[in-house]
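Following: one structure in structure tokens, then a few remarks.
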Amino acid sequence: MKNIIKLIYFMFLSLILLNNNLLAVEKKKELLTSDWSFKGYFGKFDRGALQRGYQVYTEVCASCHSMKYLSYRNLAEKGGPEFSEEQAKAIAANFEVTDGPNDDGDMFTRPAKLSDKFVQPYRNVKEAMASNGGAYPPDMSVLVKARSGGADYIYSLLLGYEDPPSGTNLDDGVYYNKYMYGNNIKMPKPFMDGQVEYNDGTEATEQQMAKDVVTFLAWSAEPHLEERHKIGFRAIIYLIVITILVYFSMKKIWSRVESEV
Amino acid sequence: MSNHNYVPSSKLGKWFNDRLPLLTLSAHLKEYPTPKNLNYWWTFGGILTFCLITQIITGVVLGMHYVAHADFAFDSVEHIMRDVNYGWLIRYVHANGASMFFLAVYIHIFRALYYGSYKSPREVIWIIGMIIYLLMMMTAFMGYVLPWGQMSFWGATVITNLFSAIPFFGEGITNWLWGGYAVDKPTLTRFFSLHYLLPFLILGLVILHIWALHVPGNNNPIGIELKKPSKDTVPFHPYIVIKDLFALLLFLIVFAFFVFYSPNILGHSDNYIEANPMVTPAHIVPEWYLLPFYAILRSVPDKLLGVVAMFASIFILVVLPWLDTSKIRSAIFRPIYKQLYWILVLDVIILGYMGAMPAEGTYLLIARAATAYYFIHFLIILPILGKKEKTLPVPPNITDPVLGGSSNPQMVKKKEKYI
């Protein structure tokens, strides 16, 4: 019995150490944070935030940032913003995509369908860089997973614009951001209070927009997060129950031997 | 071994067994006499077998959806994560499975170091194990390259560049490895091919590892040779099977926590940025399980000598059975070795930590001291200690001191701890 307790103790100790230590390394800079709906063992995305986040993305970010791994159908899928299929179709129809070649060998444009990927603002990286003073606005599909600090980092960055400390000279088209590596960023301050008008009547403050769009990006980076949390909880409960059963079987079997397990 | 004259009960079984003695083999595996005092550190062999099979199964499924081409690899991984049914689960099990595999293998190796399992007559088991470990590192390294993220690309660049340190042939060898003049499309394709091949070589070596184990039988916590079968042993089935299963389930709980609740914590966020040969990441770090060797590599100022030191640090383990001169196996009866063992564990953890830090200033100094100590432990301390150390008296068998009591009362008290 003592062995088992030691073992379990060791197991959880290593788990906690690994988890916390690595997290601590990630969070070395004091980042701003929000009460993210998707954090924790039962975390789910706030549907309203996802829908508002999509609105912020299309109205503000999408003019420079692509999201090449998302399709319009994803907007109606379970675990996402969960627009109705009609809404998602209507959203898609707002965009023009190039299709083809048709029977005459010509490319043509048509309104986007659910199966189309999100329309990208630029034809390629070079064009994106040329239009943004040489800086490539990164594709945002997996951005939350591609930055250390994750959602908190992006949230901080969006709200981290400040006047530069006196004595700093910034070039044209360069802005000062507290959380950016090296503090210089080519993206202008993205949000102002009331920049978008939310359909559900939520007040579009700067913080609210940042929070909504980061929730949307977190979903885009991890579209199966809700399912993962749900299956994980069940899998672990199942494992714990079967472990207890196996433990008692083991005790029974080993009771025939003069030895402790 | 005790079952060479096993006779199947059915006629068909006998007919088959005379032609291919698989039933004799399974009877041997069932009856295989195992020391009854094995503690939970001995359950990691079974756990490792489970890890290997899990990696192979998830890997084969991932291989059905993955595209081994530099232009499509990153996209195909995102396709697996988003559109393949339960693709996210399979990929996270595979990616975290690699880390869990290494966690288990390190525990397995350090168990062998503590209880002297590498000593005569088990040297061949140990050497096969070291080859498996080397192949595991190669497989894991190439697997990390496949998603073609920034760390994949730059990790591959740093590691393959090591071979350029070889005098005269260095450049030729690296170009041959890359299939070009830099890490590029051909490199990714061949890494995928090898990443698919090596696990099956590992599987073959695992079979040899177990075969070699079944010749002398298991070592045990007090490290004495046992009469087999005897009252000191239990048949493998059901005693060890159920114990291994219990330990495996505990291990799976930890595994599941990683897969379902922090699947990316052991990876690097830069690997979700597609590989870009024009942009170098601020810090290029390998996966955690390679960090101690990375620290050894960087702590030597000369590139060639650094590579030599890194490979030597693994080769030293291969010849360990002849470096450790002590006749006593278990650290329980070696009071000084026991202390040094824990210092070595600490030393390796320090090396791992230094491998993750930038190689400069104090970090570099500490890494150098830790590297030096690593070699001193194996090359100087162990050979001398084996001859000089005053060891404690070793009991004649597992059962007697407990049942009959020992003439040395201190011994009896000690016994309770390792049975």
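Rule-based calculations on the coordinates, nothing more; no lab input. Values in this document were obtained by computation on a predicted structure and should not be read as measured data. Backbone-built Cβ (ideal geometry, glycine too); neighbour counts: all protein chains shown.
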Crossing angle, helix B:409-418 versus chain B [Cα axis fit, 0-90 degrees, rounded to tens]: 40 degrees
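Is there a simple number for the mean count of other chain Cβ atoms within 10 Å of the Cβ of residues in B:234-244, and what is it? Intermediate values should be presented prior to the final figure.
Details: counts 5, 0, 0, 0, 5, 7, 0, 2, 9, 5, 1.
Mean partner-chain Cβ count within 10 Å for B:234-244: 3.
Calculate, in nm to one decimal, what residue A:125 and residue A:240 gain on full extension: separation in residues at 0.36 nm each, minus their alpha carbon distance. Don't skip to the end; give the middle numbers.
On the way: separation 115, 0.36 × 115 = 41.40 nm, distance 4.93 nm.
My answer for the length gained is 36.5 nm.
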Over all directions, what mean area does the Cα convex hull of the stretch B:1-75 project, stated in square nanometres? 9.4 nm²
Tell me the mean residue ellipticity at 222 nm calculated for chain A from its helices only (DSSP H runs of n ≥ 4, each -39500 (n - 2.57), averaged over every residue, nearest 500). -14000 deg cm²/dmol
State the Kirkwood hydrodynamic radius of the stretch B:280-332 in Å, one decimal place, computed from all pairs of distinct Cα atoms. 13.4 Å
Diffusion coefficient, µm² s⁻¹, Stokes-Einstein with Kirkwood Rh over alpha-carbon pairs of the stretch B:148-224 at 4 °C and 1.567 mPa s: 84 µm²/s
Counting every Cα pair in the stretch B:343-386, what percent are over 14 Å apart? 49 percent
Using 0.36 nm per residue, how much length does the chain from residue B:327 to residue B:379 gain when fully extended, once their Cα-Cα distance is taken away? 17.0 nm
In a Gaussian network model of chain B with springs linking alpha carbons closer than 10 Å, the residue among B:95, B:282, B:356 that fluctuates most is B:282
With the 8 Å Cα cutoff and a minimum separation of six or more residues, the stretch A:142-261 has a relative contact order in percent of 22 percent
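Only sites in a loop by DSSP and with at most 15 other Cβ atoms within 10 Å count here; which GluC sites (Glu not before Pro) in the stretch A:176-250 make the cut?
Numbers: sites: A:197, A:203, A:206, A:226, A:227; in loops: A:197, A:203.
Passing both the DSSP loop test and the Cβ count: A:197, A:203.
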Could you go through the stretch B:219-227 in sequence order and give the Karplus-derived ³J(HN,Hα) for each residue, using 6.51 cos²θ - 1.76 cosθ + 1.60 with θ = phi - 60°, rounded to whole Hz, and x for Gly and Pro? 6, 8, x, 8, x, 9, 6, 10, 7
Per chain B, sqrt(5λ) over the Cα gyration tensor eigenvalues, sorted largest first, in Å, gives 40, 30, 19
Debye-sum result for the stretch B:44-186 in log10 I(q)/I(0), which assumes one identical scatterer on each alpha carbon, at q = 0.11, 0.20 Å⁻¹: -0.55, -1.17
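For a quick protection proxy, order the peptides B:234-241, B:12-19 by their average other-Cβ count within 10 Å, most packed first.
Values: B:234-241: 18.4, B:12-19: 12.1.
Highest mean packing first, the order is B:234-241, B:12-19.
Tell me, which longest segment in chain A has none of the trypsin sites (Lys or Arg not before Pro) that fall in DSSP loops with at most 10 further Cβ atoms within 10 Å?
Details: sites that count: A:28, A:78, A:123, A:256.
With trypsin sites (Lys or Arg not before Pro) excluded where exposed in loops, chain A gives A:124-255 as its longest stretch.
Taking all pairs of distinct Cα atoms, average 1/r, flip it, and tell me the Kirkwood hydrodynamic radius of the stretch A:119-261 in Å to one decimal place. Don't jump to the answer; show the numbers that get you there.
Details: mean 1/r = 0.0507 Å⁻¹.
For the stretch A:119-261, the Kirkwood estimate is 19.7 Å.
May I ask you to list the GluC sites (Glu not before Pro) in the stretch B:272-362 that are in a DSSP loop and have at most 10 other Cβ atoms within 10 Å of their Cβ?
On the way: sites: B:274, B:287, B:360; in loops: B:287, B:360.
Sites meeting the loop and neighbour criteria: B:360.
Give me the inter-chain shielding for A:240-250: mean count of other chain Cβ atoms within 10 Å, whole number please.
On the way: counts 4, 0, 4, 8, 2, 2, 8, 4, 1, 4, 9.
The per-residue average across the peptide is 4.
Quick one: what do you get for the stretch A:106-170 if you divide its Cα Rg by 2.2 N^0.38 Å? Can you show the working numbers first?
Numbers: Rg = 17.3 Å, N = 65, 2.2 N^0.38 = 10.7 Å.
After normalising by residue count via 2.2 N^0.38 Å, the value is 1.61.
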Among all stretches of chain A without exposed chymotrypsin sites (Phe, Trp or Tyr not before Pro) (DSSP loop, at most 13 other Cβ atoms within 10 Å), which one is longest? A:43-180
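For A:64, B:51, what's the fewest-to-most ordering of other Cβ within 10 Å of each Cβ?
Working: A:64 18, B:51 23.
Final ranking by Cβ density, sparse to dense: A:64, B:51.
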Given the rule -39500 (n - 2.57) for each run of at least 4 DSSP H residues, summed and divided by the residues of chain B, what is its mean residue ellipticity at 222 nm, to the nearest 500 deg cm²/dmol? -20500 deg cm²/dmol
What nm distance separates the two modelled labels at residue B:315 and residue B:26, each placed 7 Å from Cα along Cα→Cβ? 4.5 nm
In whole Å, largest first, what are the principal axis extents of the Cα atoms in the stretch A:142-189? 34, 16, 16
How are the alpha carbon pair distances in chain A distributed across 10 Å bins from zero to the largest one, expressed in percent? 6, 22, 27, 19, 12, 8, 4, 2, 0
Partner aspartates and glutamates whose C-alpha sits under 14 Å from that of residue A:211, ignoring same-chain residues fewer than 8 away, are A:35, A:46, A:152, A:193, A:203
Trypsin sites (Lys or Arg not before Pro) lying in DSSP loop within the stretch B:108-214, provided at most 10 other Cβ fall within 10 Å: none
Just grab the label-to-label distance for residue A:171 and residue B:336, each label 7 Å out from Cα along the Cβ direction, in nm (one decimal). 6.5 nm
The residues B:153, B:375, B:141, sorted from fewest to most surrounding Cβ atoms within 10 Å, come out as B:375, B:141, B:153
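Which whole-number percent of Cα pairs in the stretch B:207-346 have a distance greater than 28 Å?
Values: 4988 of 9730 pairs.
Result for the distance tail: 51 percent.
Largest first and in whole Å, what are the equivalent-ellipsoid semi-axes of the protein assembly as shown based on the Cα gyration tensor, each being the root of 5 times an eigenvalue?
On the way: eigenvalues 551, 176, 131 Å².
Gyration-tensor ellipsoid for the protein assembly as shown: 52, 30, 26 Å.
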At R0 = 35 Å, how high is the FRET efficiency between residue B:387 and residue A:249 if r is their beta carbon distance? Nearest 0.05 is fine. 0.15
